[in-house]
Amino acid sequence: MKELAKQEAELIIKEAKDNASAIVNEALINAQKTEQEYDLLKKKYNVYKAKMESLVKAQMELLKENIEE
């Protein structure tokens, strides 16, 4: 009886460790995905910012030209 209880306890502990490992692995994968998404958004933001700066500079040049005329 004691041996059976010990085996059951060991099985429960093994399952708990396996579940914990799966949870940790899933969390790591999610963290990597989140970091990749952040990097992509950061790149998109930088491209948007550069385009907007270029647009504003072009508009400023047009305004200067119109003022000088």
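Structure values in brief
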| read-out | value |
| --- | --- |
| Lys2 being free of Cβ contacts under 8 Å to residues at least 24 places away in the same chain and surrounded by fewer than 10 Cβ atoms within 10 Å (Cβ to Cβ) | yes |
| Matching residues, the range 39-69, being open to solvent by 100 Å² or more (accessible area, probe 1.4 Å) and of a type in the set (Val, Ile, Thr) | Ile67 |
| Flag if Glu26 is open to solvent by less than 100 Å² (accessible area, probe 1.4 Å) and acidic (Asp, Glu) | no |
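The values are calculated or read from the model by the stated rules, or taken from the named source; none is laboratory data. Predicted model only: the values in this text are computed from it and were never measured. Neighbour counts run over all protein chains shown; Cβ positions are idealised from the backbone, glycine included. Remember, those area values only see protein heavy atoms, side chains included, never the ligands or the DNA or RNA. Shrake-Rupley method; radii C 1.70, N 1.55, O 1.52, S 1.80 Å.
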